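First comes the structure, then the notes that go with it.
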Amino acid sequence: MKPLKLTMQAFGSYGKRTQISLKQPEQNLFLITGDTGAGKTTIFDAIVFALYGEASSVVNKKDGAELQSQFASLDAQPFVELVFSEGGIDETVYTVRRVPRHIRPLKRGSGVKEESETVSLTLPDGTEYPQKEADRKLEEIVGLNKHQFMQVAMIAQGEFMELLRAKSDDKKKIFRKLFHTELYGRIADELGRRKKEQENEIDRIKTICQTETAHIRIPEDDIRSEALQALKEKIMSSEKLSVSDMEQLLEALGMLCGQLKEAQDAAREAYETAGSKRDQKRDAYKETEHLLKFFGQMDAAQQELIECREAEAGIKEQERLLAGITDAYEVLAEYEKYVETNQQTNALKEDLSREQTAAPMLEEAAKEAAAKAAETKLLYAQELERFSRIAEKTEQALELFEKLKQAKRQG
């Protein structure tokens, strides 16, 4: 930020409107001199107030009504207007006008009224920036907050030591913004992050290497077993893994693996030869076992044949007895049929005898029933004739009654 023109009115020790030009051809250095109390510090206060709304040092802070000049009437509005540029060759010019909180006479009647602070920022294209966001925009343009600006660009009297006494982190932030080195800070942070990632990756690889090294089993009969065991223990106990130790171990393990592979190939060949012989012996054994099985079956068949010949006579006797038993069962069945038929015949004879005994009685009952039927038939004919006569008389009586009813209706 480069100040170009400063205008003050009723501000601090400047009662009248005062304009200070800080732009001269080929002049980058200005000297502000004067007696004590002449208003040198007020010029710096005015620049800081225009930018940040405070005109003070860190020790003696001033703002608001304290900045209103006592050398001007209350009718004169106090204000500070600063024209400044930002940039290198293609400078952009901004104008900021700030009115502090102040006292003014009432427009009507007597008395005074306090007015609030206002600020207006005019951009290089002539447009006015919104008042509510002007302070934020000014800090963005300058690139420093008020505290940082007071430390590096507008150091008040007796406060130069504040910058020297500031913490290293605060100095870094100030100089980084002042000289626009944020990019290098981000680069350093990125490199630090990558370094940390690489260190973490190295630690992970180290853990894997030591874990895998612990799984290595070195043959005790190998001539290099002691050296390899010592190298293995060195790698496992080392806080910082040595690449040369790992390469040496891997080389030795490669040679050992080659030897073990040769021994393994030889053992595999011997194993395959022994397996082939074993298969041949197994096939011969199975064939012999098969033949022995047939011999055993033949011996068992011969023994069974002898036993069958010895039991042949007994079997024939049993067949004869079986035939007799079968015939006996057939005779028994016929006998049972005969007994059942004989019982049925006797029962029929008894029924016939009972029927023959009851036949005369049934014939007598039949004759009596026939006589009763003839008598009943005669009675039925007599009653039927009697019913016919009564019915005829009834019809005649009904006809007579009907004639009497008609005669009554007519009379």
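The values are calculated or read from the model by the stated rules, or taken from the named source; none is laboratory data. For clarity, every value in this text was computed on a predicted model and none was experimentally measured. Positions of Cβ are generated from backbone atoms using ideal geometry, with glycine treated the same way; all protein chains shown enter the neighbour counts. Ligands, DNA and RNA are excluded from the accessible area calculation, which covers all protein heavy atoms including side chains. Shrake-Rupley method; radii C 1.70, N 1.55, O 1.52, S 1.80 Å.
Counting only protein chains, not ligands or nucleic acids, how are CYS308, CYS209 ordered by accessible area (probe 1.4 Å), most first?
Solvent-accessible surface, decreasing: CYS308, CYS209.
Given axes a ≥ b ≥ c from the Cα gyration tensor, I'd like to know whether segment 246-324 is rounded (a/c under 1.5), prolate (a/b larger than b/c) or oblate.
Numbers: a/c = 13.60, a/b = 5.49, b/c = 2.48.
Prolate shape, in that a/c is at least 1.5 and a/b is the bigger ratio.
Ranked from largest to smallest solvent-accessible area, with a 1.4 Å probe on the protein heavy atoms, GLU262, GLU26 come out as GLU26, GLU262. Across the options GLY109, VAL83, THR207, the greatest Cα extent toward the positive end of the charge dipole of the chain (unit charges at beta carbon of Lys, Arg, Asp, Glu) belongs to GLY109.
Among the protein heavy atoms, those of MET236 account for about 80 Å² of accessible surface (1.4 Å probe, every chain in place).
For the chain, the longest principal axis of the alpha carbon atoms and the long axis of helix 40-52 meet at an angle near 20°.
How much length is gained on full extension from THR122 to PHE401, taking 0.36 nm per residue of separation minus their Cα-Cα distance? Value of the extension gain: 85.8 nm. Centroid-to-centroid, using Cα positions, segment 266-295 and segment 28-49 are 116 Å apart. Taking the C-alpha atoms only, the angle from helix 225-237 to the longest principal axis of the chain is near 70 degrees.
Put ILE43, ILE20 in order of accessible area, highest first, and with a 1.4 Å probe you get ILE20, ILE43. Working from label points 7 Å from Cα in the Cα-to-Cβ sense, the ARG389 to ALA359 distance is 4.9 nm. Dipole of the chain computed with +1 at Lys/Arg Cβ and -1 at Asp/Glu Cβ about the Cα centre; of PHE401, MET298, ALA284, farthest Cα towards the positive end is PHE401.
Estimated purely from DSSP H runs of n ≥ 4, each contributing -39500 (n - 2.57), the mean residue ellipticity at 222 nm for the chain is -22500 deg cm²/dmol once divided by its residues. Please give the helix 168-178 orientation as an angle from the longest Cα principal axis of the chain, in degrees from 0 to 90, rounded to the nearest 10. The two axes meet at around 80 degrees. In the complete set of protein chains, residue-level accessible area for THR95 is approximately 40 Å², probe 1.4 angstrom. Rolling a 1.4 Å probe over the protein heavy atoms leaves HIS102 with an accessible area of roughly 10 Å².
If you roll a 1.4 Å probe over the chain with all protein chains in place, what percent of the accessible area is carbon or sulfur? Of the solvent-accessible surface of the chain, carbon and sulfur hold 55 percent. In a DSSP loop and with at most 11 other Cβ atoms within 10 Å, the GluC sites (Glu not before Pro) in segment 191-230 are GLU220.
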